[in-house]
1. Average partner chain C-beta neighbours within 10 Å, per residue of C:14-24?
2. Take the alpha carbon gyration tensor of the protein assembly as shown, find the square roots of its eigenvalues, order them as a ≥ b ≥ c, and report rounded if a/c is under 1.5; if not, report prolate when a/b exceeds b/c, else oblate.
3. Summarise the partner chain shielding of B:38-49 as one whole number: the mean count of Cβ atoms from other chains within 10 Å of each residue's Cβ.
4. Go through B:67-78, B:82-93, A:35-46 and give me the packing order, highest mean Cβ count within 10 Å leading.
5. Just how many % of Cα pairs in chain A lie over 17 Å apart, if you round to the nearest whole percent?
6. Under the definition of partner shielding as Cβ atoms of other protein chains within 10 Å of a residue Cβ, what is the mean value for peptide A:31-44?
7. I want the local charge near residue C:48. Using Cβ-Cβ distances under 14 Å, sum +1 for each Lys or Arg and -1 for each Asp or Glu among the other residues.
8. Give me log10 I(q)/I(0) at q = 0.13, 0.15, 0.23 Å⁻¹ for segment B:62-167, Debye formula, one equal scatterer per alpha-carbon, no solvent.
Amino acid sequence: MFEMVDVFLVVGISIGFTILLCLYRAVRGPGVFNQIAAVNVIGTKVIVLLVAIGYIFERPMFVDIALLYAGLNFVGTLVMAKYLERGEICSA
Amino acid sequence: MIKRSTVAVFIVMFAFWVLLSACIKPLQGYYDPIHIVVGMICAAIATSVSRDLLITGKENMTLRKTFRLLLYIPWELWQIVLANFDVAYRVLHPKMPIDPCIIEFDTTLRSDFALTTLANSITLTPGTITIDVEPERGRFLVHAIASKAADALLVDQTMQNKVAHVYMEEGGGE
Amino acid sequence: MFGIGIGVTDIISIIFMAGGVFFMVAGAVGLLRLPDFYTRLHATGKCDTLGEVLMITGCMIFQGWSFVSVKLFFLIFFIFMANPVGTHAIMKAAYYTGLKPWKKGEGRR
């Protein structure tokens, strides 16, 4: 009746639609903090989307890319938060 | 000259490299000498940059603390599931019953790992997020989304007592 | 039951993945609907983390015992540690720059 590939396709499309919902807050958020929070959420959802795409196209390499992007997203959010709080990134 | 904690960090990094260079069919991964030597060099660079961040040399009785931490994790996972049903209910309800406020309280935890575990647990449990932690007095600044969640943290003190039991400090009273 | 390709393990993983997608949609709706910055972080910091964990657990159950499952388990562990810390960092930056929290009865921000 249905295969597992259809399940992963439905999941991927739902997460893509959710990312489009978050984009409204990233554009319209009053102030910069709402925009940073929205970008962090979009990055977190992209990690799950990468794993789902890896299962659709049957390439197990995508899990490594998702692991790397999780680290990048985390470091980016922390650096933005530190810059907004102190006005500088590293006090030399 | 080279401390024991640095060697432990190097072993953890190299084990992670060996794990990531395996393939789907077992024992067919990238295990030739070139990759292992490159793995050792990368692990050495990573260890020299972050020397005492992962495993500090100041904790004692780590084995018993790790065992108690493994027992604490299932209770925390159950609290996380409850928290998310609560947040989903508040968000999808047509009237949106929220009433936010900011709370401040003291605990008697002093070590780094204990403060971090309690801050993470407060962020992941129903209705509260940590804003700031002061390590000298163990003072937490917390934003709560409803007064029921705030009371569970201030009056009952179940979470502070459990974390204090894990890290073997005195009770987390005020 | 459903054809040749679906077994009991696959049904369990479909249930986990459906739960994960529901919580992620709830997190995004919370980001749009709640009236203030601090309350929006409540919705995303909790619902997003659990939605991801459930969804990747579903993928792990579908895969079975192999090296890909170990990498997925490390991904779950990392997201569990990293998401609350990121939420806390940005909330602390907003509080110390002077963003005022919302009390009941004010307008939307």
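1. Counting Cβ atoms of other protein chains within 10 Å of each residue's Cβ and averaging gives 4.
2. Taking the square roots of the gyration eigenvalues as a ≥ b ≥ c, the protein assembly as shown is oblate.
3. 0
4. Ranking, from highest mean packing down: A:35-46, B:82-93, B:67-78.
5. 59
6. 6
7. Around residue C:48, the charge tally is +3.
8. The computed values of log10 I(q)/I(0) come out as -0.49, -0.64, -1.31.
Read-outs: derived from the displayed coordinates by stated rules, not from any lab. Not measured: the values here are computed from a predicted model. Don't worry about glycine lacking a Cβ; one is built from the backbone with ideal geometry, like all the others, and counts go over all protein chains shown.
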